[in-house]
1. Rounded to the nearest 0.05, what FRET efficiency do ASP75 and HIS222 give with R0 = 25 Å and r taken as the Cβ-Cβ distance? Could you check?
2. If I model a spin label at ASN84 and GLU208 as a point 7 Å from the Cα along the Cα→Cβ vector, what separation in nanometres do I get?
3. Of the peptides 130-141, 219-230, how do they stack up when ordered by the mean number of other Cβ atoms within 10 Å, highest first?
4. Per residue, how much accessible area does the range 9-247 show when a 1.4 Å probe rolls over the protein heavy atoms, in square angstrom?
5. Please compute the modelled spin-label separation between THR126 and LYS12, points set 7 Å along Cα→Cβ, answer in nm with one decimal.
6. Amide H of VAL10: which non-local residues (sequence gap of 5 or more, or other chain) have their own amide H closer than 5 Å, using H built in the peptide plane?
7. Percent of accessible area on the range 9-247 owned by carbon and sulfur, 1.4 Å probe?
8. List the pairs from LYS43/LYS159; LYS33/LYS79; LYS20/LYS74; LYS33/LYS163; LYS27/LYS196 whose alpha-carbon separation is above 30 Å, in the order I gave them.
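The values are calculated or read from the model by the stated rules, or taken from the named source; none is laboratory data. As the structure is a prediction and not an experimental result, all values here were calculated from the model. Here the Cβ is made from the backbone with ideal geometry for all residues, glycine too, and neighbour counts use every protein chain on show. Ligands, DNA and RNA are stripped out before the accessible areas are found, and what is left, the full protein with its side chains, is counted by its heavy atoms. Shrake-Rupley method; radii C 1.70, N 1.55, O 1.52, S 1.80 Å.
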Amino acid sequence: MAGHSAGTLVNKFCTQRTAKCDPCGNKYADVVKNNTSLAVSFKFPRLKKKENIEISQNAHHLLCVAEITKVISKDPKLKTVLENTEYCVNNPKNMMALPLFAHTVYWYCLAEDIPISARAVVGSITTTYTPPPFANLPNHDFDHGKYNKEVEEALEVLKAEVKEADHSIAPAQLSASLDEMSGDMEGLLKIRGKRKGGTHLAWLDACEEKVDNWFLPYSLAHKPEERGFPKRLNKNLSRLKAAIKNLIGG
Ligand SMILES: [Zn+2]
Ligand SMILES: [Zn+2]
């Protein structure tokens, strides 16, 4: 997603954005591809040009490649520390599978396999009362830039601590701190996905126009950008559906 820095490799400190990084051998997309949980394996068909393509969920770097490259890898003052640190930005602890908003809309409004008995008219929208298997996860395309900024700030704090410790820092300490920060970000995203009672309640409330800040649980960020619910933008839902069918993918 945002900030497509190619990353870099400083000795064994890897922040490379590649399908399989060398020498670590991590494949970051495995968090989606090799994940058989219901939440992650939900895809939807892209219908454009009769291509048989399914839109998978996204592999999200909890500590983003661009930010960790900028703040840590490219700081010449950290050279000595980095030469003694083995770390990979694509390691499974730094990866999390996240749906796109298109998965959300598809689940609620498009999935032909929603049984008729589970369909409901809420407000003026035909939707479903069944929560998706990926409920309560923020959507990867909501406020990624703001999320990156938060990661950058957290990395700056960590960097200041590393510099203060200077040569007394143990070789494994920086990578352990980064792993811990990945866990913290994953925890934060899970908490954020439960704002307003979670994504499912927020969706149903938004259909009924009960809440203005329906987007809170859908956002990756601490302070989400305000956004209107699709129908409040005066886009009628069928246009949105058509857009999703035709534009998303790749
Ligand atoms: Zn991401
Ligand atoms: Zn690597």
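1. 0.50
2. Result: 6.0 nm between the two label points.
3. 130-141, 219-230
4. Accessible surface, normalised per residue, equals 51 Å².
5. Once both label points are built, they end up 5.9 nm from each other.
6. THR15
7. Details: 6240 of 12080 Å².
The value for the range 9-247 is 52 percent carbon and sulfur by accessible area.
8. Too far apart for the 30 Å limit: LYS43/LYS159; LYS33/LYS79; LYS33/LYS163; LYS27/LYS196.
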